Amino acid sequence: MANRRCFQTATRYLQSIKSLTAFSQSLPPTSTHALHQSLTTKPSYHIYDNNFNNLYAQSARFTRHFSSRPTDSEDDDDDDDEEDYESGEEEEGELGSEDESANLSAEDKEKDAAEIGYTVIGPLQKSDRVFKPYEPVFAVVQIGSHQFKVSNGDTIYTERLKYCDVNDKLVLNKVLMLGSQTQTVIGRPVLPDASVHAVVEEHALDAKVIIFKKKRRKNYRRKNGHRQELTKLRITDIQGVEKPEKITPLKKEKKENPGKVAVGA
Amino acid sequence: MSLRGVWQLQKLIVSFCNWGGSSRGIRAFMESDLPAFREKNPQLEVLTELNRGYHPFLKGLYKNKNERVVCVKNVTPEDVLQCANRLRNAQGRKVVKLKTRHVTKNPSVQGTWSTELKM
């Protein structure tokens, strides 16, 4: 055990020295197994300090074939990370999630967006007349794991949608139910032909929430701040239902059906 | 951020010091990432101000006359870019806790349900 510790400290010291001295060029790449080999084959350590010389001497005496545990665990970590990320990639698991998203191809991003957020990115707005006046049509739409009953001109705050920028048009294709004055369409569970158009208005952070944990008389106290990243969407259009024609005939329809007049909540 | 297609951030002021060490990151940002940021946002007016002896900050002026100041002292250039992007993506509204995630003026289409409603 002590021998292994010495060996590990020795290898660590060696690795740190590698970066500093020119001796590193003659050594093979950093791996404990390779280092072990170099230690056994090259007994001349006159470059190092006396203390280190002793350590080296000790480790040279006890030439055991140590299981390269660090490298094994590194491999396991890489495998786990690879499984977590997209299987199609063969990137190292050490990369952060930001690098992963940058390395996804456009198709992968679309697929991701479609699967996770049920959004499809359309082109940016350029003098489109997207913001129509209110139409009495609603849709129940699902984004991620949240469902909203949505109408024209509404605003929705969702979790941060990764693959879209501000002022982007989106099509939300997971529509569970549609309804209007005259028609109601219920999906099982999704309506395939329906679509809800939205525009990304804002990517912002929510207000800070302070998470304070305390266990009394146990000397345990934690304080963390958290700001959730949100996306604000404005719903512009709902397609897939019969819509009443215009505003003026709509008022007539409202008068005809007094029982169904919307009562302000 | 844009409200109904209108960009809310009007002006971004990048204030830095050319001597102080806390401005190192923002100076590097100005050399590397600021031109690209300018090109990406042609609607945005980006100004650089020299403010000697002070810590650097990014100031965003919004259409609702709101000012958001973010101090970027001792911040890496990548993080400065992230701050700038956050200012650009945001509305000028005050950051308060959301009451609801769904803001609507017309809550009911087919009529609000009540116990007396006969279908």
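Pairs over the 23 Å Cα-Cα cut-off, from the set A:Lys215/B:Lys94; A:Lys132/B:Lys105; A:Lys232/B:Lys105; A:Lys111/B:Lys94; B:Lys40/B:Lys94; A:Lys162/B:Lys11: A:Lys215/B:Lys94; A:Lys111/B:Lys94; B:Lys40/B:Lys94; A:Lys162/B:Lys11. Potential lengthening of the chain between B:Lys94 and B:Leu117 amounts to 4.2 nm, from the contour at 0.36 nm per residue minus the alpha-carbon distance.
Taking every alpha-carbon pair in region B:1-59 and binning the separations at 5 Å intervals from zero gives 4, 19, 25, 22, 14, 10, 5, 2, 0 percent. Phi angles of region B:6-11 translate, via the Karplus equation with coefficients 6.51, -1.76, 1.60 and θ = phi - 60°, into HN-Hα couplings of 9, 5, 8, 7, 9, 9 Hz per residue; Gly and Pro are given as x.
Against the main long axis of the alpha-carbon atoms of chain B, helix B:77-89 sits at an angle near 40°. For A:Leu161, the amide hydrogen comes within under 5 Å of the amide hydrogens of A:Thr231, counting only partners 5 or more places away or on other chains and with H modelled in the peptide plane. Comparing region A:117-239 with the 2.2 N^0.38 Å rule of thumb, its C-alpha radius of gyration ratio is 1.35 (two decimals). As a proxy for reagent exposure, ranking A:Ile238, B:Ile13, A:Ile186, B:Ile26 by other Cβ atoms within 10 Å from fewest up yields A:Ile186, B:Ile13, A:Ile238, B:Ile26. Whole-Hz Karplus values for region A:225-242 come out as x, 9, 10, 7, 8, 10, 10, 9, 10, 10, 7, 10, 8, 10, 10, x, 10, 6 Hz, taken residue by residue from phi with 6.51 cos²θ - 1.76 cosθ + 1.60 and θ = phi - 60°; glycine and proline positions read x. One quarter of the surface of the convex hull around the alpha-carbon atoms of region A:132-201 equals 5.0 nm², the direction-averaged projected area. Counting Lys and Arg as +1 and Asp and Glu as -1 over every other residue whose Cβ lies under 14 Å from the Cβ of A:Val241, the net charge comes to -3.
Among B:Leu61, B:Leu87, B:Leu98, the residue with the largest mean-square fluctuation in a Gaussian network model of chain B, with springs joining Cα atoms closer than 10 Å, is B:Leu98. Here A:Val140, B:Val75 are placed in order of increasing Cβ neighbour count within 10 Å, fewest first, which gives A:Val140, B:Val75.
Of B:Gly20, B:Gly60, B:Gly92, which has the largest mean-square fluctuation in a 10 Å C-alpha GNM of chain B? Its mean-square fluctuation being the largest, the pick is B:Gly20. Each pair of Cα atoms in chain B enters the Kirkwood radius, and Stokes-Einstein at 20 °C and 1.002 mPa s then converts it into a translational diffusion coefficient of 129 µm²/s. Helical content alone sets the calculated 222 nm signal of chain B at -7000 deg cm²/dmol, taking -39,500 (n - 2.57) per DSSP H segment of four or more residues and averaging over every residue. Remark: the A:Glu107-A:Val130 segment gains 5.6 nm on full extension, using 0.36 nm per residue and subtracting the alpha carbon distance. Whole-Hz Karplus values for region A:179-190 come out as x, 9, 5, 10, 9, 10, 10, 10, x, 10, x, 10 Hz, taken residue by residue from phi with 6.51 cos²θ - 1.76 cosθ + 1.60 and θ = phi - 60°; glycine and proline positions read x. For A:Val150, the amide hydrogen comes within under 5 Å of the amide hydrogens of A:Ala139, A:Val140, A:Val141, counting only partners 5 or more places away or on other chains and with H modelled in the peptide plane.
Restricting region B:35-119 to chymotrypsin sites (Phe, Trp or Tyr not before Pro) that sit in a DSSP loop and have at most 11 other Cβ atoms within 10 Å of their own Cβ leaves B:Trp113.
Readers should treat all values here as calculations from the given coordinates under stated rules, not as data from a laboratory. The model shown is predicted, which means the values in this text are computed figures rather than measured ones. We place every Cβ from the backbone using ideal geometry, glycine too, and count neighbours over all the protein chains shown.
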